[in-house]
Structure formats: structure tokens, C-alpha cells
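Novice: I'd like to ask some things about the structure below.
The values are calculated or read from the model by the stated rules, or taken from the named source; none is laboratory data. Values in this document were obtained by computation on a predicted structure and should not be read as measured data. Reconstructed Cβ throughout: ideal geometry from the backbone, glycine too, with neighbour counts over all protein chains shown.
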Amino acid sequence: NMTLRPGDVISTGTPGGVGIFRDPVDLLEPGQVCEAEIEGIGTLTNPVVEP
């Protein structure tokens with residue numbers, strides 16, 4: 001356990017390209033939304049857009 005303070009960065013996820021190795025391929029596409037939630041803190045919402 002650790003205490004999070006304002007300004008702390010939480011870095012999570014998987015290495016790039018992991019979805020490309022699934023069968024069928026599973027990649028994020030424009031129009032989808034990626035959300036990460038930490039109970040008691042909030043939700044980070046990122047829309048997927050065209051490059």
C-alpha cells in the first residue's frame with residue numbers, strides 16, 4: 001500500500017502492440033472510449049480519435 005498525493009502519476013497498462021497478437025485482432029478504434037477508474041479518486045476518460 002502507498003499514499004497517493006496530488007501530482008503523483010499512476011502508470012499502468014500493457015506494452016504497445018499487444019492487441020495485434022490476439023485472434024481476432026483487438027485494437028482501439030476512433031469513436032471508442034478508454035476509461036480507467038480508481039475507487040474513491042475518480043475516472044480518467046480518453047476518447048479515441050483519428051490521428
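Novice: Looking at the stretch 30-48 only, could you name the residues that are over 28 Å from P6 (Cβ atoms) and under 14 Å from the mean Cα position of the chain (by Cα)? Talk me through it step by step, then tell me what you get.
Specialist: Quick first cut of the stretch 30-48, residues over 28 Å from P6 (Cβ atoms) only: 30-32.
Once the filter is applied, which keeps residues that are over 28 Å from P6 (Cβ atoms) and under 14 Å from the mean Cα position of the chain (by Cα), the stretch 30-48 yields only Q32.
Novice: Now for a different question. Are any residues in the stretch 11-40 modelled with pLDDT of 90 or more, part of a loop (DSSP other than H, G, I, E, B) and of a type outside the set (S, T, N, Q), and if so, which ones?
Specialist: P24, E29, P30, G31, E39, G40
Novice: Continuing with this model, one more query. Look at V25 and say whether it is loosely packed, with under 10 Cβ neighbours inside 10 Å and touching a helix residue (DSSP H, G or I) at 6+ places or on another chain (Cβ under 7 Å).
Specialist: Numbers: loosely packed, with under 10 Cβ neighbours inside 10 Å: yes; touching a helix residue (DSSP H, G or I) at 6+ places or on another chain (Cβ under 7 Å): yes.
Yes: the conditions hold for V25.
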